[in-house]
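The structure appears right after this line, and notes come after that.
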Amino acid sequence: MPQAIWFLLVLGCCRVLGGYMEDNYPPSVIEDAHLNTIQLLEKYKHPAETHQMTTDDKYILTLHRIPRPGAKPVLLVHGLEDSSSTWISMGPESGLGYFLYANGYDVWMGNVRGNRYSKGHVKLNSNTDKSYWSFSWHEIGMYDLPAMIDGVLQKTGYQKLSYFGHSQGTTSFFVMASSRPEYNAKIHLMSALAPVAFMKHMKAPLMRMARMGMNMFSENFEMFPHSEIFLNHCLSSAAMLRTCVRFYWQIVGMNREEQNMTMFPVVLGHLPSGANLKQAHHYLQLQKSDRFCQYEYEPKENQKLYGRSTPPDYRLERISAPVALYYGSNDYLAAVEDVQRLAKVLPNVVENHLYRKWNHMDMLWGISARRSIQPRILQVMQYWEAGGVAKDATTGSPVEEDVPQPTTVTLIEAGKPDEEEEVGSGQGNEENEAHVEGTEQLEATTSPTGEL
């Protein structure tokens, strides 16, 4: 706890010292850290469109599209404090959005209410109206996902689509598919990356501090709006970067082998992307109650809203859409025990795949994601799009995979050649590396993990 308090004080008060980021990272990577989703697509020569859709409760959502007219649509929905950029931020040779487009799909990347791209509302102003911030991921599942699914199907002329969710993008899907079960018929397959429903075994040590901090604010409060504060401060020096990496790992889980440190500025440039404090608080309630249930208010308010003193559970047994589960053994947020409990409750699990050592973000940003998980994801999705049969559903023991690591570029701490440590670099993002002249810049990069 003292370390966490010290980190926040330093991050908030220290003066940014220019030059470290520019001296240690490729210019193309730094540029990507500042570009938005559409600008990233345009930079890497992909078609790009922006679409807006209005929910039944009048929130205006922005979806980013890599259009392939006439092709089968896929909808990708991000996690907490994330955005549509998460599916492409690692570049054309790594990002799942690019991979699906290259394999013939019409790719739609959603942004849920409250993030940097979806702060619109028919009547409310997110900057001045507190009532705008009156939602959790429950409302995202009840209103945002149906609006996105209906909007994509209407614009493409298809009757069904394939859905990808990461973290909160899975939670909100489970809310929708259990509470509005008619939407199950519109889904070929739901691919759940780092799925979150039950949270009893969540390991993230910083969550205790988070719970204390949340008690200081109203539940209807914007949490970490998009800014470049983490990018600027974490990359102000090698020492500050090491501190930020430590805290990042305390949230998502540590996995040096899959961590693409060359692209870490891009991560910091796009996170946080904005959310409501109530979304995080709802997750902490799940951990405390050991249930997957609606938001808990005071007993009198619960009685008024739910007709009972405690919030009702989401009826996961009503989810009939095929669900593929992909998760990591070193995920501090979606623990193996909790995902396997979920697998036993869902009635139509068709893939149960555990990746050893992977953390919460490796499904999206891991160095080996393109050669390991993405081909499997595609194979399973195409099978169910072609009309896979229910007898192939399984809720048994998961398939466990230990992904072999490729040889990575060694990031050497300047002046300390005897303390080399292999960590992830630019592997899997060759198009970004093309902007670096030779290898001198990478070889000189300070390793923030060398002393961890």
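The values are calculated or read from the model by the stated rules, or taken from the named source; none is laboratory data. Because the structure is predicted, anything quoted here is derived from the model rather than measured. Reconstructed Cβ throughout: ideal geometry from the backbone, glycine too, with neighbour counts over all protein chains shown. These accessible areas exclude ligands, DNA and RNA; they are computed on the full protein's heavy atoms, side chains included. Shrake-Rupley method; radii C 1.70, N 1.55, O 1.52, S 1.80 Å.
Tabulated data for the structure shown
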read-out	value
Close pairs (6 angstrom Cβ cut-off, 6 or more residues apart or separate chains): under 20 Å from GLU385 (Cβ atoms) in the range 171-188, at pLDDT 95 or above and in a strand (DSSP E or B) anywhere	PHE173/GLY165; PHE173/MET190; ILE187/TYR163; HIS188/SER162
Residues that are surrounded by fewer than 22 Cβ atoms within 10 Å (Cβ to Cβ) and hydrophobic (A, V, I, L, M, F, W, C), drawn from the range 253-266	MET254
Matching residues, the range 49-97, being among the aliphatic types (A, V, I, L, M), closer than 21 Å to HIS34 by Cβ and under 16 Å from the mean Cα position of the chain (by Cα)	ILE88, MET90
Filter result for the condition that a residue is farther than 22 Å from GLY151 by Cα and among the small types (Gly, Ala, Ser), over ALA71, ALA33	ALA33
Unique residue being crowded, with 19+ Cβ neighbours inside 10 Å, farther than 24 Å from GLU222 by Cα and of a type in the set (Gly, Ala, Ser) when the list is SER273, SER236	SER236
Leading residue by the ranking (farthest from HIS138 (Cα to Cα)) among those in the range 47-67 that are open to solvent by less than 80 Å² (accessible area, probe 1.4 Å) and of a type in the set (D, E, K, R)	GLU49
Within the range 314-332, tally of residues that are acidic (Asp, Glu) and surrounded by 13 or more Cβ atoms within 10 Å (Cβ to Cβ)	1
Scan of the range 352-375 for residues that are outside any helix (DSSP H, G or I) and not hydrophobic (A, V, I, L, M, F, W, C), ordered by number	ASN352, HIS353, TYR355, ARG356, LYS357, ASN359, HIS360, GLY366, SER368, ARG370, ARG371, SER372
Residue satisfying all of: in the range 278-301; of a type in the set (A, V, I, L, M) and buried (at least 20 other Cβ atoms within 10 Å of the Cβ); farthest from ASN24 (Cα to Cα) among these	LEU286
Extreme residue, surrounded by the fewest Cβ atoms within 10 Å (Cβ to Cβ), among residues of the range 86-132 that are in a loop (DSSP other than H, G, I, E, B) and of a type in the set (A, V, I, L, M)	VAL122
